[in-house]
Every structure is written in C-alpha cells, then in structure tokens.
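So the structure is just underneath, and the comments pick up after that.
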Amino acid sequence: MLKQWIPTIADDYLWGWGPDFLWGIPLMVILLLGTGVVLTLVTGFIQIRRFRQASRLVLAGAFKSDQTTEEEGDITPFQALMTALSATVGNGNIAGVASAIALGGPGAAFWMWITAVFGMATKYAEAVLGVKYRRVMEDGSMAGGPMYYCEYGIGGKLGRFLAVMFAVCGTLACLIGTGNMFQTNSMAVAAQNQFGVPQWITGLIITVLVGLVIIGGIKRIGQVAERLVPTMILLYFLGAIAVIVYHIADVPNAILIIFESAFSPRAALGGAVGIGIQQAIRYGVARGILSNESGLGSAPIAHGAAKTKDPVRQGQIAMMGTFIDTIVVCSLTAIAITVTGAYLKGPLFVSDPSQALNSIDMTTWAFDSVIPFGGTVVAIGSFLFGLSTLLGWSYYGEKCLEYLVGIKVRNVYRMLFIAFMFLGSLPSQAGIHVVVKIGDIGNALMAIPNLVALLFLAG
C-alpha cells in the first residue's frame, strides 16, 4: 500500500506530469515557476539589472577580498554561496539533464534555461529574507532560513504554522530523502558498475569522508565547500569543454537543434519523434527547478549564516548560484550530449527500450565518444557532486531540527545523518525508490510554506 500511494502522490500530483490533474501540469512547477515570474516583476528584473555587480561580488569572494570577519555570521559570503552550491550542484547536473533530454529532446535544455532565469529572482528573494530575519542562537551561531522569515516576517499563528511545517518537512527530506540516502545509493551503484567496488565499501568511504566534515559544523562545511565546489565544477567543466571543442564545428548546429526542438520537436528532430512542445517544456522546466532548488527554501539557510549586514548584497551573491548551477553546469551537459549525438541513443530514437540510454549512461556515452576513460571522468564527477550534496543537505536538516527542538540535538542529528548515509549505500533498489519519493514529497512540502512567505513578504 505504502509503495503504491507514495509514488502516486509524488509523481502524479506534485512533481510529475499527471494526465488529469491541473491540465497535466505539475503543481510544484506551477507554484515554483509562477513565484519566480512574480518575483522577477516585483524586483524589476533584478537578475538582469544586477547581474554584473553580482558577478563581481562572487569573483571578489573567490579571490578572498570579501573577508568581513568583523560582521556577525559564521562563514564568509562566498563560503555561504559555495555551501548552497554544494547542495544544488549534484548528480542532477549530470544524470538529471540527460534524463530530461532523453524524454523531452534537446529542447528541454532551453526550458531549463528559462526556469533558471526566473529562479534567479526567487533565489535572490530567499537570501535577502534569510539574512534579514535570521537570529543569533544561544551559543552565538547564526540561524536563518524560511523557518525564521515565516515566524518573524509573516508573524502570528500563520507564520508559526508555516515555519513548523517547513522545519518538519525539511528535517525529513534532508535525513532520509534525496539529500542523503539517494545520493549515497547513486554513488555506490556508480562505483560498483564502473569499478566493481562493492556498494558497502563505497558507502563506508562516503560515511567517513562526509562524517569528518559535518561533525565540525557549518564552519568546517563552509571551509571544505569553498575548495571542493570550485574544484569539482572546474574538473567537470574541463571534461565537458574537451568534448565540445572536439566537435566545435558542430556546436552552432547543436545550439540550433536545442532552440528549434524547444518549440517544434517534430520539425527539428524528425516527424517520427513522438513528442511535442509540451514534453520539451515538461521535462526541461521540472528538471531545471529540481536542479537549482530555487524556491525550495534550502539555500537561504546557508546564506543566513553569512558574515554580512547587507541582505541585498547577499541576495545578489545567492542568485548567481542558480546561474552557475543551471546556465553553466547543466548547459555543459546538455551541449555535450547534443553535439555528440548522444541524444540519438535515447528512447525517442531507439525502438528497443532495453538498448536506449536514459540517464547518466547518456552523459557517459557522450564523454566516452571523445575522451579516453570518459566514463571514469563522469563517475568521478558524479562522486564529487554527490559528496558536496551530502555536505549541504546535512546542514539544512540540522538547522531545521534545531529550530524545532533547540541546539542540543545537533550531535544526535549528525550521527543519524551519518547512519542513514551508510544505509542508503546498501543494495535495496525498491526501498531506495520509496525513499526518493518520500524525499520528493518532503521537498514539495518544504517549498509550499516557503513560497507562501516569499509572496507574502514580496511587497
């Protein structure tokens, strides 16, 4: 019974494209993308007006010129961005993009970009509120996020209810959902398939590596994230660029295919392709939203810990996270898949489903076609992206539980997170499938109170 209705709720009514609900448009796509459009208008297209300034702030942080140690906070503004990015730049950038293209065609990439543009305004608003309404805890540490701008921004019984709802669902999603057990399972399966390493060994390695970091709290997470995230993005960037440069003469045509198939897949890809514009929008928008997490309410928890007195400044830094995640990293995957023709190996073009490439195997094929040991490059990228995701989501869950019961539970939560990491790596695909769907529901129920607060406080 449980295995039936949990996937139904997650797939048909929240994140999926159910045939009879809201004209087939996922509820969460309507809420998240719609909020992004509203906030774009309210902020006067902040993502365009302040893009140059935001870029300079990020570069200043990368080169250590934003060290504001005299201001309140736990980590530097750049470390806050890297912590938020550590959670968002994950396996969705490798496997998720390929999955969207496999089911929606190359045009899905265009709709991911559109989602990211509006998502930048959402991420800006989240971080501004995260800093504005944050609180100093009894041990001197900083606490911010939707819990606090719901309670202190909206106020009253409604604000408190939304704050508790977010914190409860956030704790659940972070502890057993896509930010923990799914990541370790994906990494363990990839290591077994690529290198023949037993899943439990990979799980043990992950548990030790991540455990040593999260035990040190946000300051250690921030220190590791500011080194790990740029490094892993650079390594993946170099691999993808090598693939793209090898096919440089075909890049203009690949870009044209992406744009044409975004609006007319049959015309761009051939009349035999059984998809229309709805499928391109469906998979591109949904994957873009899940990739950059704009609107889920996770990122403002990290940005709320930044050493800054200027919420607007931190908001500008935060919105670049969505740009880096989707416009940069996801685009590298999409162009590599398109320019190599890897998308032609997907289920839209291959008649035998058992022979079709659907997810990370499509990205692997694209890299393997150009780079010796391309599959190893993708596997290492997947491992590093998964590690970073675990770091970010461990902190998010800790702050959610801390809001509910106080700071004394920190070490208990960290031990639980570490234990669930190892459990997630063990072979049990049926169980992991249910866990992923529980996480999807938890993420949706995190987003709803957060979006209500964003719209309520937008004026």
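The values are calculated or read from the model by the stated rules, or taken from the named source; none is laboratory data. All values derive from a computational prediction rather than experimental measurement. Reconstructed Cβ throughout: ideal geometry from the backbone, glycine too, with neighbour counts over all protein chains shown.
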Exercise for the section: Could you list all residues from the range 55-79 that are at pLDDT 70 or above, in a loop (DSSP other than H, G, I, E, B) and either within 14 Å of residue 307 (Cα to Cα) or not aromatic (Phe, Trp, Tyr) (or both)? Expected result: 64, 71, 72, 73, 74, 76
Fill in the blank from the handout: Reported set for the range 432-441 where residues are within 16 Å of residue 289 (Cα to Cα) and either more than 16 Å from the chain's Cα centre (by Cα) or modelled with pLDDT under 75 (or both) is 439, 440
Practice task
Could you list, in sequence order, all residues of the range 135-147 that are more than 20 Å from residue 220 (Cβ to Cβ) and buried (at least 24 other Cβ atoms within 10 Å of the Cβ)?
Solution key: 146, 147
Completion exercise
Considering residues that are of a type in the set (A, V, I, L, M, F, W, C) and in contact with an Asp or Glu (Cβ under 6 Å, 6 or more places away or on another chain), the number found within the range 146-189 is 1
Practice task
Might you check whether a residue that is touching a helix residue (DSSP H, G or I) at 6+ places or on another chain (Cβ under 8 Å), surrounded by fewer than 24 Cβ atoms within 10 Å (Cβ to Cβ) and farther than 22 Å from residue 417 by Cβ occurs anywhere in the range 76-88?
Solution key: yes
Exercise for the section: Answer yes if at least one residue in the range 45-57 is under 27 Å from residue 217 (Cβ atoms) and either more than 18 Å from the chain's Cα centre (by Cα) or among the β-branched types (Val, Ile, Thr) (or both), and no otherwise. Expected result: yes
Handout entry: Number of the condition not met by residue 319 [criteria: (1) farther than 23 Å from residue 443 by Cβ; (2) at pLDDT 95 or above]
Key = (1)
Practice task
Please list, ordered by first then second residue, the pairs with beta carbon atoms under 7 Å, 6 or more apart or interchain, first in the range 68-81 and at positive phi, second modelled with pLDDT of 90 or more and surrounded by 13 or more Cβ atoms within 10 Å (Cβ to Cβ).
Solution key: 73/142; 73/305; 73/306; 73/307; 73/308
Practice task
Report yes if some residue within the range 328-341 is buried (at least 24 other Cβ atoms within 10 Å of the Cβ) and either touching a Leu at 6+ places or on another chain (Cβ under 6 Å) or aromatic (Phe, Trp, Tyr) (or both); otherwise report no.
Solution key: no
Problem - Pairs with Cβ under 9 Å, 6+ apart, first in the range 404-426 and in a loop (DSSP other than H, G, I, E, B), second among the small types (Gly, Ala, Ser) and surrounded by 17 or more Cβ atoms within 10 Å (Cβ to Cβ) - result: 426/188; 426/203
Fill in the blank from the handout: residue 390 vs (1) of a type in the set (A, V, I, L, M); (2) assigned to a helix (DSSP H, G or I); (3) modelled with pLDDT under 90: all pass except (3)
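Based on what the data block shows, is residue 170 at pLDDT 95 or above and small (Gly, Ala, Ser)?
In short, no.
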Completion exercise
Selection from the range 136-146 of residues in contact with a helix residue (DSSP H, G or I) (Cβ under 8 Å, 6 or more places away or on another chain) and under 16 Å from residue 84 (Cβ atoms) yields 143, 144, 145, 146
Practice task
Sort out for me the helices (runs of 4 or more DSSP H) sitting completely within the range 143-227 that have 3 or more residues that are in contact (Cβ under 8 Å) with a residue 40 or more places away in the chain and of a type in the set (Val, Ile, Thr).
Solution key: 156-176, 199-214
Exercise for the section: Output the number of residues of the range 84-110 satisfying the condition of being in a helix (DSSP H, G or I) and more than 16 Å from the chain's Cα centre (by Cα). Expected result: 6
Problem - Selection from the range 288-327 of residues that are outside any helix (DSSP H, G or I) and surrounded by fewer than 24 Cβ atoms within 10 Å (Cβ to Cβ) - result: 307, 308, 309, 310
Problem - Filter result for residue 278 (within 30 Å of residue 261 (Cα to Cα) and not in a loop (DSSP other than H, G, I, E, B)) - result: yes
